[in-house]
1. Take residue A:78 and decide whether it is closer than 19 Å to residue A:360 by Cβ and more than 19 Å from the chain's Cα centre (by Cα).
2. Keeping to segment B:75-90, report how many residues are away from chain A (no Cβ under 12 Å) and in contact with a strand residue (DSSP E or B) (Cβ under 8 Å, 6 or more places away or on another chain).
3. Could you count how many residues in segment B:226-251 are under 21 Å from the mean Cα position of the chain (by Cα) and either farther than 24 Å from residue B:106 by Cα or part of a loop (DSSP other than H, G, I, E, B) (or both)?
4. Taking the condition of being within 7 Å of chain B (Cβ to nearest Cβ) and surrounded by fewer than 17 Cβ atoms within 10 Å (Cβ to Cβ), how many residues in segment A:116-125 meet it?
5. Among the candidates B:168, B:164, single out the residue that is closer than 30 Å to residue A:109 by Cβ and modelled with pLDDT under 95.
6. Can residue A:93 be described as more than 14 Å from chain B (Cβ to nearest Cβ) and either in contact with a strand residue (DSSP E or B) (Cβ under 6 Å, 6 or more places away or on another chain) or surrounded by 22 or more Cβ atoms within 10 Å (Cβ to Cβ) (or both)?
7. Please find, among B:180, B:210, the residue that is over 20 Å from residue B:136 (Cβ atoms), within 14 Å of chain A (Cβ to nearest Cβ), touching a helix residue (DSSP H, G or I) at 6+ places or on another chain (Cβ under 8 Å) and touching a residue at least 24 places away in the same chain (Cβ under 8 Å).
8. Of A:263, A:247, A:231, A:286, which residue is within 29 Å of residue A:349 (Cβ to Cβ) and either assigned to a helix (DSSP H, G or I) or at pLDDT 95 or above (or both)?
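The values are calculated or read from the model by the stated rules, or taken from the named source; none is laboratory data. Since the model is a prediction, treat every value here as computed from it, not as a measurement. Because the Cβ atoms are built from the backbone with ideal geometry, glycine has one as well, and the counts that use them run over all protein chains shown.
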């Protein structure tokens, strides 16, 4: 990638977002979490939505690489490096947000040296760091000369299996919480895998289209359209899992009140679920991605991918925050009141600082990706239709 | 230590006096640390898997307008109401209940239920949430990273996150507290380890209500075991099979 004013301008812009996030972190660490919207009722807020969104997208961004080397689709191989780089960058961005929101980020080393192996969080620390190592090795094998194809395929397979484990672990953070009616569902793990496929591919396509536009490279229309249709499939998968999640909860009488809250009476959460996640993040992208003129209009793909990402953030917001604001039912059959907000829907008003931290994570992801593309041989020289073997797509 | 201090105060001659004064100062500086570590090791030595400390709360004896257990806990452990109810810590709280079917109203104190299988301990990535051999569930303030996963996992909403700096005047040796970490009822472990009973139980007794009974669930002859064996009682969220050490009667 050449050094152009556009490139450096982009990096300066991303740097400004990262600096703003850094300032927000210092402010929060100095005064404590009292200066955020998070409370003892909503203990995980917007920073966690962004962090988990990026971590989930990370494993999904690796899909293009996996399709190329594990599933042998030749046409995907030229962009496999970008897929690996973006996957690592997304994970770095997500982890940065996650650890910088800790009450004691200065004790991060403790989380790497003191483990409780019964905790899925502890396992995730290993899954995340392992992912960075394995994808790093995968990227190196793709770029080094003389790596035998079976070795590349083997490490690609390990990376693919690892990413499935990683998203299973992330979904299980919520799936294994028995206390709250909005969580406590084994389907969270496969649903998060579906979400990772969807968010990761959407992110990959946007980065690919953006980079090709900025560097005046050609992005095969055939390949772009294929990937867009695949994204449509993933969007449908997420809608399916989400539907099953709510239907199974509706079937359990003790969770019915929670479902009534999310689906009908939850105000902003109901609006976000139906309007944000289902309509704007699901049905509209589906309509765009399966539009008959998709191959002729790049803008349709861009809008659809942006909506998928927006819908993803909204979905995670509804899962995380909606699951916490709804009170835990400690006393079934009783009207409950207390000084600690028992029995009442909690308030959560996120502050700008939390958004600054979240956007900083996205900026860090894009900065790492851009720098990686600048200094490593990541991008294909030419990805025009003429250079893409149609048989490699099948 | 007292001998040295007394000698230095009497002071026979200048040099001797100066030496003794310095020795006394040094001793005074070192002794709290030694005492703390001795106290700590004595406390650890007293943790016995043959005990399981618990509370039995008789809801019929708990008055809705009484908050003495909450005040006592706050004074004992140094957590305070700072006027920010959404973020202030509450190690113990009074919950008012109204039976939707019958209209019966009751009031009861809620605190960490000191589960036998605590979800907070299961999910804590660093092991900062832990259960002692005698059943008391605690947070190791040295290795809590402030991730709040335990708060997500606790079915009783028993834990609080310290959202702001703890004022110096609120700090007490009974319970170390710090911004950015999670905390909850310790069952007054510092009192239990010296053979005393929790502050909430004492305060409740002093009001004449006597709704909170503390004791050893493993000792069949303890008052709490006898009460549990004689009268019906229940655990909150019994469906989760966490076997809490806090039980409720007449709920």
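1. So residue A:78 fails the test.
2. Count: 3.
3. Selection size over segment B:226-251: 5.
4. The total comes to 1.
5. B:168
6. Considered against the rule, which asks whether it is more than 14 Å from chain B (Cβ to nearest Cβ) and either in contact with a strand residue (DSSP E or B) (Cβ under 6 Å, 6 or more places away or on another chain) or surrounded by 22 or more Cβ atoms within 10 Å (Cβ to Cβ) (or both), residue A:93 comes out as yes.
7. That would be B:180, the only listed residue that is over 20 Å from residue B:136 (Cβ atoms), within 14 Å of chain A (Cβ to nearest Cβ), touching a helix residue (DSSP H, G or I) at 6+ places or on another chain (Cβ under 8 Å) and touching a residue at least 24 places away in the same chain (Cβ under 8 Å).
8. After ruling out the rest, the residue left standing is A:263.
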